[in-house]
Amino acid sequence: MKTPTNLLFLLTLFATLLLSCAKKNASDEGQKMNVFIDDLMSEMTLEEKLGQLNLPASGDIITGAGSNNNTADKIKEGKVGGLFNIKSVEKIRAAQQIAVEQSRLKIPLIFGMDVIHGYQTLFPIPLGMSCSWDMELMEKSARIAAQEASADGICWTFSPMVDISRDPRWGRVSEGSGEDPYLGSQIAQAMVKGYQGDDLLKNNTIMACVKHFALYGAPEAGRDYNTVDMSRNRMYNEYLPPYLAAVDAGVGSVMASFNEIDGIPATGNKWLLTDLLREDWKFNGFVVTDYTGISEMTEHGMGNLQEVSALALRAGVDMDMVADGLLTTLKQSLDEGKVTQQEIDQACRRVLEAKYKLGLFEDPYRYCDENRAKTEIFTPENRQVAREIAAQTFVLLKNEDQLLPLQDKQKIALIGPLADNRENMPGTWSVAGDFAKSVSLLDGLKNALGTEANILYAMGTNIVADSLLDSRISIFGKPTKWDKRSQKEMIAEAVAVARKSDVVIAAVGEAAEMSGEASSRSDINLPENQKELLEALLATGKPVVMVLFTGRPLTISWEKANVPAILNVWFAGTEAGNSIADVLLGKVNPSGKLSATFPQNVGQIPIFYNHKNTGRPLAEGKWFSKFRSNYLDVPNEPLFPFGFGLSYTTFDYKNLKLSESTLTKDGKLTVSVELTNSGNYDGAEVVQLYLRDMVGTVTRPVKELKGFQKVFLKKGETRTIEFTLTEKDLRFYNSELKFVSEPGDFKVFVGTNSANVLEAPFTLN
Ligand code: BGC
């Protein structure tokens, strides 16, 4: 008995020593950094300090209305703190050289970029990535993105975007992880870990920037940049958790959002950027605005450039993206007593700290290794990972009569405006990508089946029929390949091709730029001309598989009712075509699950699974009852619920069991369920656990995701899946915004999606 106790004691002592050494090292490091920055700042003029707060856009990509003049001169004069969206190690080295050789204090620049879902090796759009429900893969994708970006000179990315959204009209749903705060939080952490690794000083890790802080995903009417207005209760419980998760994971920077919060734009909102972010959440990195976020406050009605710049600084902004407000107005504001020297110093210090943490003072060219740029970007290995990851993000929405996977030697008619279209595969925010190098579905099928294979092709129709709309969705040079032939002629050709085949694959959906920034839609149906194509293909009597490309949930009620198989592939990145072929041909069994609800029609929006019950809920399974909460003309149910996704195999859930019927404050509750792969293929299933707090001092959602596990089962295999719940899992923000649990009755649900679950009751004591 004695030895193990001693051993335990020694181990504990050793662990404590290690921990205190680590803490001491961290505080020594912190000390060193403070001394270094104190020294540097004692040399700096006011103008040089303001220069550090300035982040002009430069280089290849400019996303807003800002311009880029005389940047080199400004760098020399110490008026630039960093640059963003410059692409290539040569250009970055050249700009850095100006800063460290020609400016008075030789302070290095920080180089940012929108590395959103990969650098040159592009992964699926974030909404697609979130449907993998696989945190290891999420982290790996961010790791590879960081590796490639840092090999090309970038040390800071404006990602992850964690805005919860329940409104698919908003184009930027494509950039986030869907509607759920729990899933969104897990993803936020995985992405931050992936980008930043365990050591920011390494030359292959980069600083992350969680955005858009906060609530940007809830604009009125789904219109981009529109007003957001919500209760604190909803904010804390439903929208803020993923930002907090990123802060807890040690994210180095935060981007303020464009929208207002409680009537004050986020960029000038002291409650948000200081009281909540710094005081409550203990964030210790720096805050950058979004593109012209400061000057836009004038349009919001907050005053002229001088006034809004002072407001932003006082609120807690440290760096000004593009607006030139902090650089050009703060001196006057200081003279007039509208801001203090201490506020300016603090912002300057935070920017310098970020540069210090990235190791830029030690070596300003740390991320400028031309050799790495040649060997570490867009490698076959990275592309292989992208291919594997993409296949995990596809969601099989329907598969009547097991039409998929395709059978050997079937003659395939590949038809549709997205079939032979490399440009649209990567999806929105593919800043560093080379569209010509991505793999179209036609390429992918040919790669898989060989050149001898029987693949017939026709475009069938344009992505949209309206040339004005077509020009609006081609702004970033991702041509939609507008075909001048008439709709009638194109459909006739497609029908003739379909008739010669055994199976039709219809590659339809949105163009990449129909979602993303400033791409809101009020009608989220498949464009009418594409629906006409589908009708014509179905009329041939051939089996039709719809491969759906989209950056948002779409209202595809008609398609669900009429097309026998639907595979939703989002925008799958560089390797799109190969990954889709892998899934269509059964090399990979799909396992993606929706992270956002698909509505039946736009009138149901906002629609999400974790809604409240109301005082007049509609009985389950009913469409309409007078004086209940429902619609006259559409059921309450969504088209596809949160968490939904089929497989080529089937999974059965049985025997939901709880280890106890009562959970105590310090206790644990084990929830187990028996899962069987009852179909004909090996496959992965995302087992989902939801909770309902039956009685509360504030109303609680009808279900909340609190756990999930992605498990792989051979056909015929049964496994017991276990989850552990503790009192912490039952906490929520009450009416005083305290994070508490309340004793009483709960229900736990486990199942294959949010609407199809087994349930059991328990009590918290
Ligand atoms: C977007 C941000 C992006 C920034 C820089 C803005 O328009 O809202 O998400 O990081 O541009 O490109």
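What is the range 391-595 by shape, rounded, prolate or oblate, if you read a ≥ b ≥ c off the alpha carbon gyration tensor as root eigenvalues and call it rounded for a/c under 1.5, prolate for a/b larger than b/c, and oblate otherwise? Rounded is the answer for the range 391-595, as its axis ratio a/c remains below 1.5.
Computed with a 1.4 Å probe on the full set of protein chains, the accessible area for Y225 sits at about 90 Å². Between 0 and 90 degrees, the angle of helix 2-43 with respect to the longest Cα principal axis of the chain falls at about 60 degrees. A Cβ-based charge dipole, computed about the Cα centre of the chain with Lys and Arg at +1 and Asp and Glu at -1, lands at about 1320 debye. Each Lys and Arg Cβ is given +1 and each Asp and Glu Cβ -1; about its Cα centre, the range 391-595 then shows a dipole of about 180 debye.
Applying a threshold of 18 Å to the alpha-carbon distances of K79/K355; K560/K587; K49/K76; K193/K357; K49/K74 flags K560/K587 as lying beyond it. Cα centroid separation, the range 252-297 to the range 664-726: 36 Å. Toward the positive end of the charge dipole of the range 108-243, with +1 on the Cβ of Lys and Arg and -1 on the Cβ of Asp and Glu, the farthest Cα among M138, G153, S165 is that of S165. Can you list the aspartates and glutamates whose alpha carbon sits under 13 Å from that of K140, skipping same-chain ones fewer than 8 residues off? Qualifying aspartates and glutamates at Cα under 13 Å: E148, E381, E388. Here is the list for the range 172-221: trypsin sites (Lys or Arg not before Pro) lying in DSSP coil, each with at most 16 other C-beta atoms within 10 angstrom of its C-beta, are K202. W170 contributes an accessible area of around 0 Å² to the protein surface, as traced by a 1.4 Å probe with all chains present.
The alpha-carbon of K270 sits under 15 angstrom from the alpha-carbons of these aspartates and glutamates, leaving out residues fewer than 8 places away in its chain: E260, D262, E279, D280, E307, D318, E343. If you wrap the chain in the convex hull of its Cα atoms and look at it from every side, the mean projected area works out to 36.0 nm².
To the nearest 20 debye, what is the magnitude of the charge dipole of the range 504-627 about its Cα centre, counting +1 on the Cβ of each Lys and Arg and -1 on the Cβ of each Asp and Glu? Rounded to the nearest 20 debye, it is 660 debye.
The listed residues L469, L445, once ranked by accessible area (1.4 Å probe) with the largest placed first, stand as L469, L445.
Net charge in the neighbourhood of E759 (other residues with Cβ under 11 Å of its Cβ; Lys, Arg +1, Asp, Glu -1) is +3. Here the contact order of the range 651-764, divided by its residue count and restricted to Cα pairs under 8 Å and six or more residues apart, works out to 33 percent. Tell me the net charge near T724. Cut-off is 14 Å between Cβ atoms, T724 excluded, with +1 for each Lys or Arg and -1 for each Asp or Glu. Around T724, the charge tally is -1.
Pairs over the 28 Å Cα-Cα cut-off, from the set K24/K706; K409/K654; K398/K446; K446/K542; K87/K481; K24/K106: K24/K706; K409/K654; K24/K106. Using θ = phi - 60° in the Karplus curve 6.51 cos²θ - 1.76 cosθ + 1.60, the 3J(HN,Hα) couplings for the range 700-705 round to 10, x, 5, 7, 9, 5 Hz; x is entered for Gly and Pro. Taking every protein chain into account, the 1.4 Å probe leaves W281 with about 30 Å² of accessible area, to the nearest ten. Note that the range 236-242 has calculated 3J(HN,Hα) couplings of 5, 7, 10, 10, 7, x, x Hz, one per residue in order, obtained from phi through the Karplus relation 6.51 cos²θ - 1.76 cosθ + 1.60 (θ = phi - 60°); glycine and proline are x. Ranked from largest to smallest solvent-accessible area, with a 1.4 Å probe on the protein heavy atoms, K32, K484 come out as K484, K32. The range 448-479 and the range 738-759 have their alpha-carbon centroids 44 Å apart.
For the chain, DSSP calls about 55 percent of its internal beta bridges antiparallel.
Look at where the Cα atoms of the range 214-249 and of the range 377-409 average out, and the two centres are 33 Å apart. Taking the empirical scaling 2.2 N^0.38 Å for compact globular proteins as reference, the range 228-307 has a Cα radius of gyration ratio of 1.11. The residues L240, L305, sorted by heavy-atom accessible surface at 1.4 Å with ligands and nucleic acids left out, run L305, L240 from largest to smallest. Run the paramagnetic zone check for S629: 7 angstrom along Cα to Cβ, then residues of the range 694-710 with backbone nitrogen under 18 Å. Under 18 Å, as judged by backbone N against the label point of S629, lie 694-705 of the range 694-710.
The values are calculated or read from the model by the stated rules, or taken from the named source; none is laboratory data. Small disclaimer: the values here were computed from a predicted structure and weren't measured. Cβ sites come from the backbone with ideal geometry, for glycine too, and all protein chains shown count toward neighbours. Only protein heavy atoms, including side chains, enter the accessible area calculation; ligands, DNA and RNA are left aside. Shrake-Rupley method; radii C 1.70, N 1.55, O 1.52, S 1.80 Å.
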